[in-house]
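Let me begin by presenting the structure, written as structure tokens, before commenting on it.
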Amino acid sequence: MNARLALSIDDRRTFADGHAFGDTGAYERLTGRVRFWADPVDGKHPTITDLDKAPRNGDGLVEYTADFCLLKPVEMARGNNRVFFDYGNRGNKRALQFFNDAVGSGSPIALEHAGNGFLMRRGYTIAWLAWQGDLLPGDGRMLLDVPVATDGGTPITGTVRNEYIVNAPGVSVMPLSGLAPSRSYPAVSLDTRKAQLTRRRYAASPRETIPHDAWSFARLEESPAVDGLGRDRAVVPSDIHLYLHRGFETGWIYELIYEARDPRVLGLGHLAVRDFISFLKHGDQDAEGNPNPLRESDGRIEKAYAWGRSQTGRCIRDFIHLGFNADEAGRRTFDGVLPHVAGGGKMWMNHRFAHLTVLPGQEHENHYTVVDRFPFSYARSTDHLTGQEDAILKRPDTDPLVIHTDSSSEYWHRRASLVITDTRGRDLPQPETVRVYCWAGSQHYASPLVTKPEHGIAANLQNTVATSMFFRANLDALDRWATHGTPPPPSRTPTRRDGTLVPVEEWRAGFPAIPGVALPRGPSRLERLDFGPDVDRGLTEEPPKVIGNEEYPILVPAGDADGNDWAGVRAPMVAAPLGTYVGWNLRRPELGRGAMVGITGSYIPLPETEDERAQTGDPRQSILERYPNAAAYIDAIRHAAEALVRDGLMLEEDVERAVADAAGWGRCRHVVRLPSEPGAQQ
């Protein structure tokens with residue numbers, strides 16, 4: 001392989017104090033930087049927006065650099081010869097949290113960061129590489145440094161649109177990007193008359209223009225007063241900050257449209273991942289003669305798998321759709337991928353003035369987004385609104401195997417029904433190389449560690465359904481599929497055919513009338529948006545035009561008598577419920593009455609006794625009507641877990657973990673006042 005990268009290992013140390021993980025033994029951690037070189041004219045990679053406008057070195061190549069991290073067996077020959085690539089999320093490492101139920105860390109080194117040791121016991125080399133080029137340093141984030149594009153040295157300018165929603169009073173300054181970890185595109189002019197700031201109550205509400213003299217391109221600075229009494233403040237002009245003089249009102253959507261400069265070549269993130277993984281699989285040494293660290297002690301990588309959740313689940317889908325799963329030599333980059341909670345989206349990445357960190361396409365937050373555009377599905381179909389025919393998987397020689405998983409939240413917030421339907425809302429059979437699972441009744445972020453239910457900014461308690469056991473089973477299934485051709489269990493999702501994937505009106509008619517619980521207006525709609533004629537070339541027009549009344553149908557899972565999703569993979573907590581677990585939640589009244597909280601679900605406790613049920617008028621069966629005592633509840637959880645094991649959707653080792661979590665009426669994840677033992681007092 002003619003490597004176009006060079007690895008610099010800056011730190012190499014023992015992981016987890018040398019703890020031996022089963023047959024694999026001890027692990028070590030390698031961290032450093034990778035220098036990459038991209039040829040803007042060689043044609044051996046998919047088109048990268050503005051790569052032709054990036055500065056070049058003396059060899060005519062574009063240089064960029066990325067942080068990397070490897071957790072590998074000390075003795076590679078004792079590993080499983082597989083790379084597990086964690087795309088992370090917004091520069092953060094995530095896989096050990098979700099696959100190993102570990103304490104999260106941006107610098108995993110201690111035994112607690114190994115959690116239950118699953119990935120290590122299986123023998124994987126876990127790899128991370130920075131791929132997001134618009135992040136700022138801080139909190140241990142991994143950074144990708146990419147060049148700024150220019151027109152022959154002249155700054156490139158363009159229209160940028162950002163939204164801001166604050167959920168606490170007292171905020172008057174925001175970075176233009178809206179998010180502290182993300183770089184802001186500098187404003188060309190500080191004259192607010194050349195920009196437009198508006199606000200609106202909900203995504204589709206009329207915009208109210210904020211007068212130009214009511215805000216500034218500026219930030220505030222504070223210090224103790226000279227006399228030691230109070231604090232002094234100063235307004236400092238800034239081309240990367242928005243200062244609203246009277247402060248932001250909570251829950252309102254503020255939108256700034258301004259002329260910005262200095263777009264970065266963010267599409268290089270895809271190329272970095274492709275070339276890094278290809279080198280780990282096939283390379284003997286890098287461009288500077290340094291050996292491939294995974295070839296030590298007779299190591300050789302046979303398979304590479306990728307996992308990403310939310311933003312990075314979408315990144316995987318984008319990577320495949322754009323053709324990056326074929327390396328420079330035409331070989332398959334990833335043999336299998338596990339995009340999680342991506343919904344129907346891809347990325348706003350290989351575009352000029354893209355914003356990678358923003359959470360797109362919610363009902364209330366960042367509703368109008370280029371992220372959610374056709375194709376939505378892995379299967380080939382035709383967009384009936386535009387006539388375009390396409391699919392995410394369209395290169396059989398290099399496409400990976402796919403296990404795509406969504407929670408219930410993605411059907412409400414992230415337009416996930418379009419993954420499994422055509423654009424008219426009809427069931428769309430997936431390719432044989434794809435499995436899609438809906439993790440029924442769970443939410444977008446499901447903490448693997450035991451937590452108490454909390455409200456946050458939501459009206460209802462947030463969803464606490466545990467699902468990390470499914471990650472482990474899915475990875476084992478993917479490895480068997482890629483290695484031996486053993487297919488995973490069939491897809492499990494709601495469908496139009498069996499009446500479990502329905503319009504919101506049908507869902508609403510079947511949802512129980514739980515006292516005091518308001519229902520959402522509907523899932524996040526997807527209007528047909530026009531971002532201009534060059535959107536597929538990476539050039540977007542902002543704001544987009546909404547095309548008439550044309551929309552894509554967004555469908556949601558139908559519920560049972562408790563309101564829990566019928567179809568999909570039911571975690572033990574959902575199969576033996578102590579509440580109604582749904583993928584939606586509403587904002588507290590002062591933060592946007594009636595609007596949903598993005599990517600957030602609800603846990604609505606069941607009445608505990610028949611008396612409580614009768615007193616409140618709750619139509620749901622009480623806890624004690626379902627389970628006469630805590631032991632019976634534990635038995636129900638065990639039965640549900642064992643059924644998932646028989647179906648190949650859960651590992652045997654996770655049964656006892658589910659049972660342990662169920663102790664004491666599952667108090668680690670529920671609000672229950674019933675005694676754990678007969679006659680006990682609470």
> Which FRET efficiency value, to the nearest 0.05, do you get for residue 14 and residue 290 by plugging their Cβ-Cβ distance into 1/(1 + (r/R0)^6) with R0 = 22 Å?
Replying inline: 0.55
>> Going by Cα centres, region 114-160 and region 618-637 are how many Å apart?
In response: 47 Å
> Along region 352-365, what does the Karplus equation 6.51 cos²θ - 1.76 cosθ + 1.60 (θ = phi - 60°) give for ³J(HN,Hα), rounded to whole Hz, x for Gly and Pro?
Replying inline: 5, 6, 6, 10, 6, 7, 4, 8, x, x, 7, 5, 9, 9
> Which parts of region 397-418 would a label at residue 380 reach, counting a residue when its backbone N lies under 13 Å from a point 7 Å out along Cα-to-Cβ?
Replying inline: 397
> Which GluC sites (Glu not before Pro) does region 230-330 hold that lie in a coil by DSSP with at most 12 other beta carbons within 10 Å?
Replying inline: 288, 302
> Highest mean first, what order results for 609-617, 665-673, 535-543, 122-130 on Cβ atoms within 10 Å?
Replying inline: 122-130, 665-673, 535-543, 609-617
> If each of residue 105 and residue 671 carries a label point 7 Å out from its Cα toward its Cβ, how far apart are those two points in nm?
Replying inline: 3.5 nm
>> With +1 on the Cβ of every Lys and Arg and -1 on the Cβ of every Asp and Glu, and nothing else charged, how large is the dipole of the chain about its Cα centre, in debye rounded to the nearest 20?
In response: 360 debye
>> Under a Cβ-only charge scheme (Lys and Arg +1, Asp and Glu -1), can you give me the dipole magnitude of region 490-602 about the Cα centre, in debye to the nearest 20?
In response: 360 debye
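Whenever you get a sec, compute what percent of the accessible area on region 141-258 sits on carbon and sulfur atoms (1.4 Å probe).
That share works out to 52 percent.
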>> Using helices alone, I'd like the mean residue ellipticity at 222 nm for the chain: each DSSP H run of four-plus residues gives -39500 (n - 2.57), total over residue count, nearest 500.
In response: -4500 deg cm²/dmol
>> Can you tell me how region 106-201 classifies by the Cα gyration tensor, rounded, prolate or oblate, using a/c under 1.5 as the rounded cut?
In response: oblate
> Which one of 566, 582, 552 has its Cα pushed farthest toward the positive end of the charge dipole of region 551-595, where Lys and Arg give +1 and Asp and Glu give -1 at the Cβ?
Replying inline: 582
>> Rg and Dmax in Å for the chain, alpha carbons only: what are they?
In response: 25.5, 81
> Nearest 0.05, what FRET efficiency do residue 151 and residue 545 give at R0 = 35 Å with Cβ-Cβ as r?
Replying inline: 0.85
>> Show me the trypsin sites (Lys or Arg not before Pro) within region 263-296 that DSSP assigns to loop and that have at most 12 other Cβ atoms within 10 Å of their Cβ.
In response: none
>> For region 1-142, what does the relative contact order come out to in percent, with C-alpha contacts under 8 Å and a separation of six or more?
In response: 26 percent
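Students often check this: by mean Cβ neighbours within 10 Å, which of 382-394, 178-190 ranks highest, and how do the rest follow?
Values: 382-394: 15.4, 178-190: 19.0.
Answer by packing, highest mean first, reads 178-190, 382-394.
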> For the chain, with every protein chain kept in place, what is the accessible area per residue (1.4 Å probe, Å²)?
Replying inline: 38 Å²
> What is the projected area of the convex hull of the Cα atoms of region 413-485, averaged over all directions, in nm²?
Replying inline: 6.8 nm²
> Mind ordering 157-163, 473-479 by average Cβ neighbours within 10 Å, highest first?
Replying inline: 473-479, 157-163
>> Given R₀ = 22 Å, what would the calculated FRET efficiency be for residue 639 paired with residue 660, taking r from the Cβ atoms and rounding to 0.05?
In response: 0.90
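The values are calculated or read from the model by the stated rules, or taken from the named source; none is laboratory data. In this text, all values refer to a predicted model and were calculated from it rather than measured experimentally. All Cβ positions, glycine included, derive from the backbone under ideal geometry; neighbour counts span all protein chains shown. Side chains are part of the model used for accessible areas, which takes the heavy atoms of the whole protein and leaves out ligands, DNA and RNA. Shrake-Rupley method; radii C 1.70, N 1.55, O 1.52, S 1.80 Å.
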